[in-house]
Amino acid sequence: MIRSKLKPALLCMTATLTLGLAACGGNDDGSGTAAETSAAGAAGAKKDAKPAAAAPTLAEGPDVCFRAIAKHLGADTKVSEITSFFSVGSAIDSSDSKPEGEMTTCTVEYQNPDDPRKLLNTRLNISTGQFDAPRPVEITVSGGNAAEFNLEDYLIPLSKIDAAALTSVMDAQKAKLGEVYSRYAWSGVRLSAPGPFSNTHTLRLDVTGRLASNDIKEDGYASITTDGKTITTNHLMP
């Protein structure tokens, strides 16, 4: 979602997906029963199936999703938003069964190369290690004249973002976070588009932890400049 006080804003961006429907019916050519055809198809699929890819982890760097996107789309691609989330583990969230630091989400909204007025969305399939087919994003404008909206105001080239530099920011927070949380984990690394609190793109770090004072689960975040060096908003701790 993109919002701005100074210009018409994207109220929401909804990715739309077209589903193909397979024809249904009996086996008209008499080559086999439906059960036989189904069994043969399952056997073929099993034979052709590729082993599941190892899930990316935060240990590979806070930019692990950003690197995957750049490899898939190219470093010069203009993007609006990027979202990557990571497991915090069951020690922090009892409902989280994945190992701490394992990537659970990696998505990007980027400029449509065939129509620069529009956006596309794609998501990394964590199981296969491949990105899904791009989906069109419906842009809705609020807070101004829709005719004056310019998508370019909400785009930034991937090459201008240094999410890898967030490692230094994360390391610098260890002492303070350790005083407030008995245990914590970084849960998200994002690129946020311009909105009410910033007229430029910002990186965002999300943290989830257990408060040392009462063991309550608490979430926090910090906004950082796109060079990954300067914190502009710090709400990592309550």
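The values are calculated or read from the model by the stated rules, or taken from the named source; none is laboratory data. This structure is a prediction, so every number in the text was calculated from the model and none was measured. Quick reminder, even Gly has a Cβ in these numbers, built from the backbone with ideal geometry, and neighbours come from all protein chains shown.
For the range 61-85, the set of residues classified as farther than 15 Å from Arg123 by Cβ and in a strand (DSSP E or B) consists of Lys78 only. Taking the criterion of being farther than 25 Å from Ile156 by Cα, small (Gly, Ala, Ser) and not in a strand (DSSP E or B), the residues of the range 211-238 that qualify are Ala212, Ser213.
Considering only the range 162-170, I want to know if a residue exists there that is at pLDDT 95 or above, assigned to a loop (DSSP other than H, G, I, E, B), over 30 Å from Asp215 (Cα atoms) and within 19 Å of the chain's Cα centre (by Cα). So far as the range 162-170 goes, yes, one or more of its residues are at pLDDT 95 or above, assigned to a loop (DSSP other than H, G, I, E, B), over 30 Å from Asp215 (Cα atoms) and within 19 Å of the chain's Cα centre (by Cα).
Can you tell which of Asn234, Asn199, Asn214 is polar (S, T, N, Q) and closer than 21 Å to Ser94 by Cβ? If you could, list the steps in order and put the result at the bottom.
Details: Asn234 fails: closer than 21 Å to Ser94 by Cβ; Asn199 fails: closer than 21 Å to Ser94 by Cβ.
One residue alone meets the criteria, Asn214.
Restricting attention to the range 114-150 and to residues that are modelled with pLDDT under 95 and β-branched (Val, Ile, Thr), the residue that is surrounded by the fewest Cβ atoms within 10 Å (Cβ to Cβ) turns out to be Thr140.
Quick one: Gly209 ticks every box in (1) out of contact with any Phe, Trp or Tyr (no Cβ under 9 Å at 6 or more places or on another chain); (2) buried (at least 20 other Cβ atoms within 10 Å of the Cβ) except a single one, so which number is it? Failed condition: (1).
I'd like to know if the range 181-192 contains one or more residues that are surrounded by fewer than 19 Cβ atoms within 10 Å (Cβ to Cβ), over 15 Å from the mean Cα position of the chain (by Cα) and either of a type in the set (Ser, Thr, Tyr) or farther than 30 Å from Ile216 by Cβ (or both). Spell out the reasoning first.
Let us first name the residues in the range 181-192 that are surrounded by fewer than 19 Cβ atoms within 10 Å (Cβ to Cβ), namely 182-183.
Going one step further and asking which of them are over 15 Å from the mean Cα position of the chain (by Cα), we end up with 182-183.
This time we only want the ones that are either of a type in the set (Ser, Thr, Tyr) or farther than 30 Å from Ile216 by Cβ (or both), so: 182.
Yes, there is a match, as at least one residue in the range 181-192 is surrounded by fewer than 19 Cβ atoms within 10 Å (Cβ to Cβ), over 15 Å from the mean Cα position of the chain (by Cα) and either of a type in the set (Ser, Thr, Tyr) or farther than 30 Å from Ile216 by Cβ (or both).
Across the range 55-71, which residue is surrounded by the fewest Cβ atoms within 10 Å (Cβ to Cβ) among those that are over 28 Å from Lys217 (Cβ atoms) and among the aliphatic types (A, V, I, L, M)? Step by step, filter the range 55-71, then rank; the result is Ala70. Look at the range 72-95: where a residue is surrounded by fewer than 14 Cβ atoms within 10 Å (Cβ to Cβ) and a partner is modelled with pLDDT of 95 or more and acidic (Asp, Glu), sitting 6+ places away or on another chain with Cβ atoms under 7 Å, you get Ser90/Asp96. Checked against the criteria, Gly188 counts as assigned to a strand (DSSP E or B) and in contact with an Asp or Glu (Cβ under 7 Å, 6 or more places away or on another chain). Listed conditions (1) within 23 Å of Asp206 (Cβ to Cβ); (2) small (Gly, Ala, Ser); (3) out of contact with any strand residue (DSSP E or B) (no Cβ under 6 Å at 6 or more places or on another chain) are all met by Ala133, apart from (1).
Quick one: is Thr107 more than 14 Å from the chain's Cα centre (by Cα), surrounded by 15 or more Cβ atoms within 10 Å (Cβ to Cβ) and hydroxyl-bearing (Ser, Thr, Tyr)? The answer is no for Thr107.
Pairing each residue of the range 118-130 that is within 12 Å of Pro56 (Cα to Cα) and without any contact (Cβ under 8 Å) to a residue 60 or more places away in the chain with any residue that is crowded, with 18+ Cβ neighbours inside 10 Å and basic (Lys, Arg), provided the two are 6+ apart or on different chains, yields no C-beta distance under 7 Å.
Of the residues making up the range 119-146, those that are part of a loop (DSSP other than H, G, I, E, B) and closer than 30 Å to Ala53 by Cβ are Ile126, Ser127, Thr128, Gly129, Asp132, Ala133, Pro134.
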